[in-house]
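Quick notes on the structure that follows.
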Amino acid sequence: MTVHVSGAAADAVARHVPTLVATRFASRLSDGDDSLWGTAAQPEASIRLGWVHASSASRSLVTEIEAFREEFTASGLTRVVLCGMGGSSLAPEVITRTAGVELVVLDSTHPTQVARVVDADIERTVVVVSSKSGSTAETDSQKRAFEAAFVEAGIDPAARFVIVTDPDSPLDVSSRDAGYRVFNADPHVGGRYSALTAFGLVPSGLAGVDISALLDEADAALSALLEDSAENPGLRLGAAMAGTQPRRDKMAIMTGETSIVGIGDWIEQLVAESTGKELTGVLPVVLERGAPEPMADDLFVVNIVDDAVAASGDSVTVAAPLGAQLLIWEVATAVAGHLLGTNPFDQPDVESAKIAARTFLDGTPEPVTPFCTYGDVSMTAVGYSPAATTTAAAVRELLDQLPSDGYVSIHAYADREGGSGLEELRGVLAATAHGRPVTFGWAPRFLHSTGQYHKGGPAQGVFLQIIELADVDREVPDRPYSFGTLIAAQARGDAQVLADHHRPVLTLTVTGPAGVRSFLAETAKLS
């Protein structure tokens, strides 16, 4: 387990780590000192530090999880589906993909994606529903869809659901009343820090991961991460993330040299949601492989690797097995919050987007008139007044709104598993975005993670929403709306909140996979 630094990152480590060691940051974190982030953060921090020793506290879960897995496997229930958003799904996805075991993750409200997951192999399916609050709209809708599918197939839902939630949450109460299996998570751990709690371990263990070995990796790293030492990897990484002078507030995450699959997306939500507030933060830019593009002067590179290598340029390398990586990044993010003067445990702007979506869902919002329709693409905008008459021109106009220290964020309200190729758009825009970084997020899952940074972080972003209308919508059982209506409300709500924060948003709406292909062909003209 090593963190190597060079260039501006090394300067930041030399500047801040001695003070972190002298003020006993690591040992105070171990002791649950909620004053590390200032008095304003103390009420939240005081109930959010259970993650520090989660690798030990979670040992008691292992036997029960393994017993359930054996029971399900003996009954022929070999397909595990996880319904969860943000931290409830990203950690299990990384853990299972890295272990090479199958876990079907449903973290979308897109009707096509919901239908594909709910309507497949119901006879051998177990569903894990994970929601810390127990009131997440997406997860509630997914759960209702599966309950209806089980009943239609003549299957008792109580035999197929495993619930992970905080004690006494609405989901906890209703699930116990229904006779569902329930794992109560530690209420003193926030969602994005919950990888080594029931939220990460239950779905991963049921899918077949050796979760005891994962906890062993974390335990092996813990003592070094809680030691007041200049060699503490968490202190070094946190100082590099938040302590450069002048600030390099954008972090390219390179994962091409690690066997840990998808960890960039997990790091992205942890860092962005934890630091992006009070008009400051660290913006993660996930790049799977190759050289980062562009190399902006306010961006530094973090390489996630399997074997320790020296850093070069303005960069950091982090070498550790998965369990240790999870803890290193959690500690480093807590350090970054300390250095930035922000509360790394709240998410006020995530809540504002939820409220806005609910407003559009519950009411009858005024229709938005497109400023242009070009081929299969309908275009609307908030926060600025475009004049473009083609898709490519509209995107160029959005890029022209970029400040000199800005970034572009693409939000794809689309079928993540449909093979649309939408994620390739990040590279297309990166080549034309005036040398500025470009991020990509699948919606609505990003609303529970990077969405906090977009509204609460620096006012630097311009935002491209891509909404893929489903060819066939799907009703949410026992709710007065469909999945298509829900995802549309989420997109419109987030756009409105972004505009309220003076962030320009261009929304491009297409219909079905054919519309997406047509859109991508048009945007290819940008490069």
- prompt: Which of the following residues is crowded, with 18+ Cβ neighbours inside 10 Å and under 20 Å from the mean Cα position of the chain (by Cα): 415, 376?
  reply: 415
task: May I ask you to say which residue of 495, 524, 514 is under 22 Å from the mean Cα position of the chain (by Cα) and either part of a helix (DSSP H, G or I) or of a type in the set (Ser, Thr, Tyr) (or both)?
output: 495
- request: Any residue in segment 370-396 that's without any contact (Cβ under 8 Å) to a residue 60 or more places away in the chain: show its pairings with residues that are crowded, with 17+ Cβ neighbours inside 10 Å and in a loop (DSSP other than H, G, I, E, B) at Cβ separation under 7 Å, as long as the two are six or more apart or on different chains.
  value: 371/386; 372/388
message: Looking only at residues that are charged (D, E, K, R), surrounded by 15 or more Cβ atoms within 10 Å (Cβ to Cβ) and assigned to a helix (DSSP H, G or I) in segment 125-175, which one is farthest from the chain's Cα centre (by Cα)?
response: 147
statement: From the option list 104, 62, 81, single residue qualifying as closer than 22 Å to residue 215 by Cα and assigned by TED's automatic domain parsing to the domain that holds residue 205 is 62
query: Within the bounds of segment 102-109, is there any residue that is outside any helix (DSSP H, G or I) and touching a Cys at 6+ places or on another chain (Cβ under 7 Å)?
result: yes
message: Tell me yes or no: at least one residue of segment 343-364 is closer than 28 Å to residue 86 by Cβ, surrounded by fewer than 19 Cβ atoms within 10 Å (Cβ to Cβ) and in contact with a strand residue (DSSP E or B) (Cβ under 6 Å, 6 or more places away or on another chain).
response: no
Unique residue being in contact (Cβ under 8 Å) with a residue 12 or more places away in the chain and under 20 Å from the mean Cα position of the chain (by Cα) when the list is 399, 422: 422
message: From the list 447, 526, 464, exactly one residue is farther than 25 Å from residue 274 by Cα and aliphatic (A, V, I, L, M). Which is it?
response: 526
query: When you look at residue 426, is it in a loop (DSSP other than H, G, I, E, B), outside the structural domain of residue 297 (by TED's automatic domain parsing) and basic (Lys, Arg), yes or no?
result: no
From 59, 28, 24, residue being among the basic types (Lys, Arg), modelled with pLDDT of 95 or more and closer than 30 Å to residue 159 by Cβ: 59
- prompt: Looking at this structure, is residue 206 in contact with a Leu (Cβ under 8 Å, 6 or more places away or on another chain) and surrounded by 24 or more Cβ atoms within 10 Å (Cβ to Cβ)?
  reply: no
message: Just to verify a result, which residue in segment 222-247, among those that are surrounded by fewer than 23 Cβ atoms within 10 Å (Cβ to Cβ) and of a type in the set (A, V, I, L, M), is farthest from residue 303 (Cα to Cα)?
response: 226
task: Return yes when residue 317 is among the hydroxyl-bearing types (Ser, Thr, Tyr) and assigned to a strand (DSSP E or B) and no when it is not.
output: yes
- request: Pick out the one residue from 478, 473 that is surrounded by fewer than 19 Cβ atoms within 10 Å (Cβ to Cβ) and in contact with a Gly (Cβ under 7 Å, 6 or more places away or on another chain).
  value: 473
- prompt: In segment 226-265, what residues are free of Cβ contacts under 8 Å to residues at least 60 places away in the same chain, among the small types (Gly, Ala, Ser) and outside any helix (DSSP H, G or I)?
  reply: 256
task: Considering every residue within segment 275-291, establish whether at least one is under 15 Å from residue 320 (Cα atoms) and either in contact (Cβ under 8 Å) with a residue 40 or more places away in the chain or among the aromatic types (Phe, Trp, Tyr) (or both).
output: no
query: How many residues, within segment 413-450, are touching a Leu at 6+ places or on another chain (Cβ under 9 Å), over 18 Å from residue 252 (Cα atoms) and of a type in the set (Gly, Ala, Ser)?
result: 3
message: For residue 214, only one of the following conditions fails: (1) over 13 Å from residue 62 (Cβ atoms); (2) not in a strand (DSSP E or B). What is its number?
response: (1)
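One line per residue, one yes/no per condition, for (1) touching a residue at least 40 places away in the same chain (Cβ under 8 Å); (2) closer than 29 Å to residue 346 by Cβ; (3) of a type in the set (Val, Ile, Thr); (4) out of contact with any Pro (no Cβ under 9 Å at 6 or more places or on another chain):
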residue: 58; (1), (2), (3), (4): yes, yes, no, yes
residue: 62; (1), (2), (3), (4): yes, no, yes, yes
residue: 86; (1), (2), (3), (4): yes, yes, no, yes
residue: 102; (1), (2), (3), (4): yes, no, no, yes
residue: 114; (1), (2), (3), (4): yes, no, yes, yes
residue: 121; (1), (2), (3), (4): yes, no, no, yes
residue: 139; (1), (2), (3), (4): yes, yes, yes, yes
- prompt: Can you find a residue in segment 346-366 that is at pLDDT 90 or above and assigned to a loop (DSSP other than H, G, I, E, B)?
  reply: yes
message: Within segment 34-88, considering only helices (runs of 4 or more DSSP H) that don't extend past its boundaries, which have at least 3 residues that are out of contact with any His (no Cβ under 8 Å at 6 or more places or on another chain), surrounded by 17 or more Cβ atoms within 10 Å (Cβ to Cβ) and not polar (S, T, N, Q)?
response: 59-74
Of all residues making up segment 418-436, the number that are small (Gly, Ala, Ser) and crowded, with 21+ Cβ neighbours inside 10 Å: 3
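The values are calculated or read from the model by the stated rules, or taken from the named source; none is laboratory data. Since the structure is predicted, the reported quantities are computational estimates derived from the model, not experimental observations. Methodologically, a virtual Cβ is constructed for each residue, glycine included, from the backbone with ideal geometry; neighbour enumeration extends over all protein chains shown.
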